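Below is one structure, written out as structure tokens; the observations come after it.
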Amino acid sequence: MNAAPFRPEELAARFQREYGAAPDGIWQAPGRVNLIGEHTDYNEGFVLPFAIDRTARVAVRVRGDLQVRLLSTYGDQGPASANLNQLEPESAKGWTKYPLGVLWALREAGITVPGIDLLLDSDVPPGAGLSSSHAIECAVISALNDLTSAGLTAQDMVLATQRAENGFVGAPTGIMDQSASLRGAEGHAVFLDCRDQNATLVPFETGPAGLVLLVIDTKVSHSHADGGYASRRASCQLGAEVLGVGALRDVQVGDLPEASGLLDETTFRRVRHVVTENDRVLQTVERLEAEGPSAIGLLLDASHASMRDDFEISCPELDLAVETARAHGAIGARMTGGGFGGAAIALTPVEAEPEVRSAVVRAFARAGYREPGIFTVSPAPGARRIA
Ligand code: ADP
Ligand code: MG
């Protein structure tokens, strides 16, 4: 990751030096933060992510053959190369699996793609829950869509990048991250119904409300492969089966008292998280539309409590980040992402930002935790061509 991204002309010059020709263009796609709606996606529920002002950028040139050459600004080894006819799922290394996964998924969908030379630059920190991987994939698929006659819609690109992650990278991810990256818009969050995959933009502007959104990266690594994620999915499935619904999306808050009599204690708490979280997403959307971001703090807090106590996917570092931010002026805070590590977000009045930052750093030092990464993000445009 680069602290400051290369400017488009710098990236183009670097591309020219490395590959001996100018790129056909430069495309960028953002990482994302999920404002609220956690572990609701695979229950066919609601999520509310937004595209952030940190992006992956790819300079791309179409080749005349089936070779692919891949370079990034963070590695100084020569380009990785691959042949389009020999792409094997789960065989690619490091970040190259994301662009290769996109090429593979397009070919699997019957779309003819050319060989390319590619240079990647990104300031989306990897593994911090900001979906650095989808930022890369969405930049690459936007480039390929523009450079070929594929004519993909945003939804086609959402599904192709999902296929790349599931089938080539080997990560069991859904549609949230790339929907935010591809459909995001400045000053808006993306309200996504994971059942019909319909996406609507909802106004979300922190600046005019005198707020900043802080991301606190605990540096505790999370992994989708770890059993916690699979076991939560299994609990949700069990809950839906016992309650006789296709997905927990179909259970309402008012159904919970009855559900508690039908489910074992742990499964009930898992179900309660999903059901109340869906309700919180809907309430957040309503409040953003009617009153703005100052009105959503308590919903963020309630979401965190639900993930900590009912879904049990938080960890001491995330809890400390959230509690400390709240105690020092944040109006709402929650862990974001899959859990068991990763990042928390804290919606904070501008004037309280320095105090929240230093209090969190002090609290982590006192607890003997690694120093967290703390930075602000704001709702930014989705994937697009920039040069
Ligand atoms: P997330 O998408 O939540 O950031 P993932 O584990 O899905 O986490 O993707 C992180 C991976 O993406 C890293 O292991 C690395 O291979 C790759 N990656 C993404 N951005 C960068 C970057 N700027 N520098 C190096 N590797 C990166
Ligand atoms: Mg990822």
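The values are calculated or read from the model by the stated rules, or taken from the named source; none is laboratory data. Not measured: the values here are computed from a predicted model. Here the Cβ positions follow ideal geometry from the backbone for every residue, glycine too, while neighbour counts run over all protein chains shown. These area figures cover heavy atoms from the full protein model, side chains too; ligands, DNA and RNA do not enter into them. Shrake-Rupley method; radii C 1.70, N 1.55, O 1.52, S 1.80 Å.
Here are the numbers for the structure shown:
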| quantity | calculated |
| --- | --- |
| Sole residue being touching a residue at least 40 places away in the same chain (Cβ under 8 Å) and either away from ligand 2 (no atom under 16 Å from the Cβ) or open to solvent by less than 20 Å² (accessible area, probe 1.4 Å) (or both), chosen from PRO126, PRO49 | PRO49 |
| Residue tally, condition within 16 Å of ligand 2 (Cβ to nearest atom) and closer than 13 Å to LEU159 by Cα, over region 102-123 | 2 |
| Hey, VAL242 of a type in the set (Val, Ile, Thr), touching a residue at least 12 places away in the same chain (Cβ under 8 Å) and closer than 30 Å to ALA295 by Cβ or not | no |
| Some residue of region 232-244 being in contact with a Ser or Thr (Cβ under 8 Å, 6 or more places away or on another chain), within 29 Å of THR348 (Cβ to Cβ) and open to solvent by less than 60 Å² (accessible area, probe 1.4 Å) | no |
| Qualifying residue in region 136-148 (condition: within 13 Å of ligand 2 (Cβ to nearest atom), open to solvent by 50 Å² or more (accessible area, probe 1.4 Å) and under 27 Å from THR336 (Cβ atoms)) | no |
| Test set (1) more than 16 Å from ligand 2 (Cβ to nearest atom); (2) open to solvent by 20 Å² or more (accessible area, probe 1.4 Å); (3) touching a Cys at 6+ places or on another chain (Cβ under 9 Å) - ALA383 fails condition number | (1) |
| ASN166 vs. criteria within 16 Å of ligand 2 (Cβ to nearest atom), free of Cβ contacts under 8 Å to residues at least 24 places away in the same chain and open to solvent by 30 Å² or more (accessible area, probe 1.4 Å) | yes |
| Any pair with Cβ under 8 angstrom, 6 or more apart, that starts in region 129-152 at a residue that is under 14 Å from PHE50 (Cα atoms) and among the polar types (S, T, N, Q) and ends at one that is within 16 Å of ligand 1 (Cβ to nearest atom) and in a loop (DSSP other than H, G, I, E, B) | SER131/VAL124; SER132/MET1; SER132/VAL124; SER132/PRO125; SER132/PRO126 |
| Leading residue by the ranking (nearest to ALA180 (Cα to Cα)) among those in region 77-134 that are of a type in the set (Ser, Thr, Tyr) and more than 7 Å from ligand 1 (Cβ to nearest atom) | THR96 |
| So LEU159, is it at pLDDT 95 or above, open to solvent by 20 Å² or more (accessible area, probe 1.4 Å) and more than 20 Å from ASP24 (Cβ to Cβ) | yes |
| Where a residue in region 61-77 is in the same structural domain as LEU87 (by TED's automatic domain parsing) and its partner, wherever it lies, is exposed (fewer than 14 other Cβ atoms within 10 Å of the Cβ) and assigned to a loop (DSSP other than H, G, I, E, B), with Cβ under 8 Å and at least six apart | ARG61/ALA21; ARG61/ALA22; LEU71/GLY78; THR73/ASN2; TYR74/ASN2 |
| Residue count for region 69-87, restricted to those that are open to solvent by 50 Å² or more (accessible area, probe 1.4 Å) and either of a type in the set (S, T, N, Q) or at pLDDT below 95 (or both) | 8 |
| Meets criteria (open to solvent by 10 Å² or more (accessible area, probe 1.4 Å) and in contact with a strand residue (DSSP E or B) (Cβ under 9 Å, 6 or more places away or on another chain)) for LEU152 | no |
| Residue check for ALA171: under 24 Å from VAL113 (Cβ atoms), open to solvent by less than 30 Å² (accessible area, probe 1.4 Å) and not in a helix (DSSP H, G or I) | yes |
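Okay, residues lined up against (1) farther than 22 Å from ALA295 by Cα; (2) within 16 Å of ligand 1 (Cβ to nearest atom); (3) not β-branched (Val, Ile, Thr):
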residue: VAL169; (1), (2), (3): yes, yes, no
residue: PRO172; (1), (2), (3): yes, yes, yes
residue: SER181; (1), (2), (3): yes, yes, yes
residue: GLY187; (1), (2), (3): no, no, yes
residue: CYS194; (1), (2), (3): yes, no, yes
residue: GLU205; (1), (2), (3): no, no, yes
residue: ALA209; (1), (2), (3): no, no, yes
